[in-house]
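Trainee: Quick one: the structure is below, questions incoming.
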Amino acid sequence: MNEPNRKKKRKPIFDRRKPIISTVIGQIFMVALTVAIIFPLYFMFSNSMKTRQDYLDDAIGLPTTPTAQNFIDAFQGKDFGQWFINSTILTVTASAITLIVAFIAAYAFAKMQFKGRNLLFRFTVPLMSVPPIAMIIPQFQLVAAANMTNTLYAVVLIYVGIMLPMTVYLFRNFIIGIPDSLLESAQIDGCTRWRAMWTIVMPLTLPAMITSTLVNLVWVWNELLIALVFLQDDTLRTLMVGVTLFKSRYTLNIPVIMAGLVIVTIPLLVIYILAQRRLVEGLLSGSLKE
């Protein structure tokens, strides 16, 4: 007996997989981009542990005799510790105030009905496109008229004013997606609007809060222009402004300058790593369950 005919699988004429050439080019591009991002960090960290002679002999290679003396010299610089404290105070205070005020304002724009709400929001959004340098002169005149020059709280107010429009816009777009039925159910159960805002809306807005806080922290910590203009006293300068002066003081000692830059960079790296983990947790805790 003849065996039953079996259908043979035909190989596809055209291979639907990506061409090998485009894949290789994409991988080469990603490797080059990664190297371009990592190399400045490598240069900074490796040279911060070299002696001056090791740096002059080989600025690219690894340190032959690693030393921590550069970090000691950096910390022993004039007012360096005070600069670090000033940057921490400004960063934490400005970011916290911005977070609270922006959340309350965004909740009002998204869930409350009042006259002129849409008009006020339309005036707030364009402020995101105004560069901070364009407001330096009027801000300085206002600060001088209020007798608030060379004060940290004046700089905090300026930072909050610059960060608020973007943060309000981000929060408002996030809160507006929360169903009104959820808040109405809470009010039926006896929950006030104020309590619903903090116990229901705020946990659901956690991903947006983490994202905006991370951006604000990094921006305030790295900000140079406003701190340079409004904080003229050496004891009130921020760490970024101090490193600029620190560089001119140690122009020929590049390893000490690299050590100072490492000290400036480490807090940002730690904040980003911690915030990246919390961002995933915030996305899970802020999800709606049907």
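The values are calculated or read from the model by the stated rules, or taken from the named source; none is laboratory data. Model, not experiment: these values are computed from the prediction. Quick reminder, even Gly has a Cβ in these numbers, built from the backbone with ideal geometry, and neighbours come from all protein chains shown.
Trainee: So, Gly26, is that one out of contact with any Leu (no Cβ under 9 Å at 6 or more places or on another chain) and either charged (D, E, K, R) or in a loop (DSSP other than H, G, I, E, B) (or both) or not?
Mentor: no
Trainee: Quick check on region 226-239: of everything there that is outside any helix (DSSP H, G or I) and not acidic (Asp, Glu), which residue is farthest from Gly177 (Cα to Cα)?
Mentor: Here is the first cut: in region 226-239, the residues outside any helix (DSSP H, G or I) are 231-233, 237-238.
Cutting the leftovers down to not acidic (Asp, Glu) gives us 231-232, 237-238.
Numbers: Leu231: 41, Gln232: 45, Arg237: 42, Thr238: 39 Å.
By that ranking, first place goes to Gln232.
Trainee: Looking only at helices (runs of 4 or more DSSP H) that fall completely inside region 53-149, which ones have 3 or more residues that are in contact with a Lys or Arg (Cβ under 6 Å, 6 or more places away or on another chain) and either in the same structural domain as Gly242 (by TED's automatic domain parsing) or hydroxyl-bearing (Ser, Thr, Tyr) (or both)?
Mentor: 80-111
Trainee: If we scan region 209-221, do we find a residue that is farther than 26 Å from Ala134 by Cα and among the aromatic types (Phe, Trp, Tyr)?
Mentor: no
Trainee: Kindly provide the set of residues from region 175-225 that are buried (at least 18 other Cβ atoms within 10 Å of the Cβ) and in a loop (DSSP other than H, G, I, E, B), ordered by number.
Mentor: Ile178, Thr205, Glu223
Trainee: Checking Thr151 against (1) of a type in the set (S, T, N, Q); (2) over 19 Å from Val241 (Cα atoms); (3) surrounded by 15 or more Cβ atoms within 10 Å (Cβ to Cβ), which test does it fail?
Mentor: Condition (2) is where Thr151 drops out.
Trainee: May I pose another question? Kindly provide the set of residues from region 37-79 that are of a type in the set (A, V, I, L, M, F, W, C) and surrounded by 16 or more Cβ atoms within 10 Å (Cβ to Cβ), ordered by number.
Mentor: Hits for region 37-79 are Met44, Phe45, Met49, Phe71, Ala74.
Trainee: Please specify each residue of region 89-120 satisfying the condition of being among the polar types (S, T, N, Q) and in contact (Cβ under 8 Å) with a residue 60 or more places away in the chain.
Mentor: Result: Thr91, Thr93, Ser95, Thr98.
Trainee: So, one more: Among the numbered criteria (1) assigned to a helix (DSSP H, G or I); (2) modelled with pLDDT under 85; (3) of a type in the set (D, E, K, R), which one does Arg172 miss?
Mentor: Every listed condition holds for Arg172 apart from (2).
Trainee: Within region 158-170, can one find any residue that is under 30 Å from Trp83 (Cβ atoms), assigned by TED's automatic domain parsing to the domain that holds Trp83, in contact (Cβ under 8 Å) with a residue 60 or more places away in the chain and aromatic (Phe, Trp, Tyr)?
Mentor: For region 158-170, residues under 30 Å from Trp83 (Cβ atoms), assigned by TED's automatic domain parsing to the domain that holds Trp83, in contact (Cβ under 8 Å) with a residue 60 or more places away in the chain and aromatic (Phe, Trp, Tyr): present.
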